[in-house]
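Colleague: This structure is in C-alpha cells; I'll ask about it shortly.
Each value in this text was obtained by applying a stated rule to the coordinates, not by laboratory testing. All values derive from a computational prediction rather than experimental measurement. FYI the Cβ positions are ideal-geometry reconstructions off the backbone, even for glycines, and counts take in every protein chain you see.
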Amino acid sequence: MKLSVSGRATATAVVAAATLLATGSIAGAAPAPEPVAIAAAPDIPVTAVKAHLTQLQSIATANGGNRAHGRTGYRASLDYVKAKLDAAGFTTTIQQFTASGRVGYNLIADWPGGDTNQVVMAGSHLDSVSSGAGINDNGTGSAAVLEAALTVARTGYQPTKHLRFAWWGAEELGLVGSRYYVNSLSLANRARISGYLNFDMIGSPNPGYFVYDDDPAIEKTFKDYFAGIGVATEIETEGDGRSDHAPFKSAGVPVGGLFTGASRAKTAAQVTKWGGTAGQAFDRCYHSSCDTTANVNDTALNRNADALAHAVWTLSQ
Ligand code: TRP
Ligand code: ZN
C-alpha cells in the first residue's frame, strides 16, 4: 500500500491493515511494519509574521518607544500575543516574577492534545531593551513563534507529542524569565520536555544563517531544512549561552535554535555564502533605537520562520 504524505485515508488504511494482521486473516509471515507517514510542515506566511512585527512596533511607539521589562510596552506586547493565542484555542498561562524590583511575565501556550510525557517547546524572548522597540531583537523570534502556533491551530495539527510555545520576559536582564520558568518546573516535568527550540534574532538586516550546536538531532533537523532550500549554515558562536535556551540546557533538556547574527561583523567569506555587506555588523541596530520594522531582512525572516515550523512539525511526530 502506498502511503501518502498525510491525510485520513492513510491512517484508515494503516488501521485496516493492522486489523487484518491482528485477526490473522492474511496467510504467511507478517510483512515489515509500514513506515509512519510524517506530515510536512506548512509554509509560514512571512506577511503574517511581518504583520505581528508592525503591531509590536505600534505598541513600542505608543509606550515610550520600547517594550522593555517592567514597562507598559512589555505588558501590551504580552496581551497582544495572548489574545491571538486565546482566540485560536490555546490554553494560555501568564507566569509572574519579579526582576530588578519590577514585575515581569512569561506567557506559556499549550496546544491541547498529544502525549504530555513528550513535550516539544518553542520559545523566544518578548522583551526589548529600553533603548528601542526591539523588532529584530526579538520581535522576529516572537512573531515567528506566534505565527507557527497560529498555523498549528489553523491547520488543526494533532501531533503525537504535546506542543508548548513560550514568550519569555526579562531576557535582556539576564535570561530572568526563562530561568524562572525552568526553576519552577518539578524534576518530573523537566524530564517531560523532549526538546526546547529557541529563536532570538532571526531577521537580522545583514543576515547570517546560524544553527545552535547543541542537541545533535535538533541541530540536524534545522540543517536539513536549510540544505533542502540550498542555504548554507554555520554553527552559532557569537554568544553561546546568551539566550533563553541556556537555562533549559543547564537543566539537561535537549536544546537547539536559530540566529541571524548581532553586533559581530560579517566576513568576506560569509558574504560569498550569503550575500550582504562584508565588514558590517549582522545587525547594526542591535540594542539601539534603530531596531525598528526597517531593521529586518524579509528573506531571512521567511526562511527562519519556515525552518522553525519544519522543526516543530518534524520533532513532534
Ligand atoms: N540574546 C542576546 C540579546 O537578546 C542576543 C544574542 C547575542 C544572541 N548572541 C546570541 C542570541 C546568540 C542567540 C544566540 O540581546
Ligand atoms: Zn535577544
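Colleague: Extension gain Thr47-Asp79, at 0.36 nm per residue separation less the Cα-Cα distance, in nm? Could you put the intermediate results ahead of the total?
Modeller: Working: separation 32, 0.36 × 32 = 11.52 nm, distance 2.10 nm.
Result: 9.4 nm gained on full extension.
Colleague: Pairs to check: Lys161/Lys223; Lys82/Lys220; Lys223/Lys249; Lys220/Lys273; Lys82/Lys249; Lys249/Lys273. Give those whose C-alpha atoms are more than 28 Å from each other in this structure.
Modeller: Lys82/Lys220; Lys249/Lys273
Colleague: Taking 7 Å along the Cα-to-C-beta vector as the label spot, tell me the Ser289-Ile229 distance in nanometres, rounded to one decimal.
Modeller: Label at Ser289, label at Ile229, 3.4 nm between them.
Colleague: Normalising by the residue count of the chain, find the relative contact order in percent from Cα pairs under 8 Å and 6+ residues apart. Each step should come with its number before you reach the end.
Modeller: Values: 633 pairs, mean separation 66.4, N = 317.
Relative contact order, the chain: 21 percent.
Colleague: Considering amide H positions built from the backbone, and no H for Pro or chain starts, which residues 5 or more places from Ser128, or on another chain, come under 5 Å of its amide H?
Modeller: Correct list: Arg67, Ala68, His69.
Colleague: Taking every DSSP beta bridge with both residues inside the chain, roughly what % is antiparallel (nearest 5)? Please report the intermediate quantities before stating the final value.
Modeller: Working: 17 of 37 bridges.
Antiparallel bridges make up about 45 percent of those DSSP assigns within the chain.
Colleague: Another one. Where nothing but the Cβ of Lys and Arg (+1) and of Asp and Glu (-1) is charged, how large is the charge dipole of the stretch 45-182 around its Cα centre, in debye to the nearest 20? Present the calculation step by step, with values, prior to reporting the outcome.
Modeller: On the way: 11 positive and 9 negative charges, 26 e Å.
Roughly 120 debye for the stretch 45-182.
Colleague: For Cys285, Cys290, what ranking results if the residue with the fewest other Cβ atoms within 10 Å of its Cβ goes first? Can you show the working numbers first?
Modeller: Working: Cys285 23, Cys290 16.
The order, fewest Cβ neighbours first, is Cys290, Cys285.
Colleague: Give me the percent relative contact order of the stretch 250-317, please, defined on Cα pairs under 8 angstrom at least 6 residues apart. Can you show the working numbers first?
Modeller: Values: 41 pairs, mean separation 17.0, N = 68.
So the answer I get is 25 percent.
Colleague: Fewest to most neighbouring Cβ within 10 Å: what's the order for Ser243, Ser186, Ser289? Write down the numbers at each step before the final one.
Modeller: Details: Ser243 27, Ser186 8, Ser289 12.
Fewest-to-most Cβ neighbours within 10 Å comes out as Ser186, Ser289, Ser243.
Colleague: Mind listing the Cα extents of the chain along all three principal axes, in Å, largest one first?
Modeller: 73, 46, 34
Colleague: Still on this structure: Using helices alone, what [θ] at 222 nm do you get for the chain, with -39,500 (n - 2.57) per DSSP H run of 4 or more residues, divided over all residues and rounded to the nearest 500?
Modeller: Working: 10 runs with 122 residues, N = 317.
It comes out at -12000 deg cm²/dmol, rounded to the nearest 500.
Colleague: Which of His69, His162 has the fewest other C-beta atoms within 10 Å, and how do the rest follow up to the most? All intermediate terms of the calculation are to be shown ahead of the outcome.
Modeller: Values: His69 26, His162 21.
So the residues, fewest neighbours to most, are His162, His69.
Colleague: In units of 2.2 N^0.38 Å, what is the alpha-carbon radius of gyration of the stretch 75-122?
Modeller: On the way: Rg = 12.8 Å, N = 48, 2.2 N^0.38 = 9.6 Å.
Dividing the Cα Rg of the stretch 75-122 by 2.2 N^0.38 Å gives 1.33.
Colleague: Check every DSSP H run in the chain and write down those whose alpha carbon atoms cover 20 angstrom or more along the long axis and whose mean Kyte-Doolittle hydropathy is -0.5 or greater.
Modeller: Working: long enough: 8-22 (21 Å, 1.47); 46-61 (22 Å, 0.56); 72-88 (25 Å, -0.28); 140-155 (22 Å, 0.86); 298-315 (25 Å, 0.03).
Passing helices, by number: 8-22, 46-61, 72-88, 140-155, 298-315.
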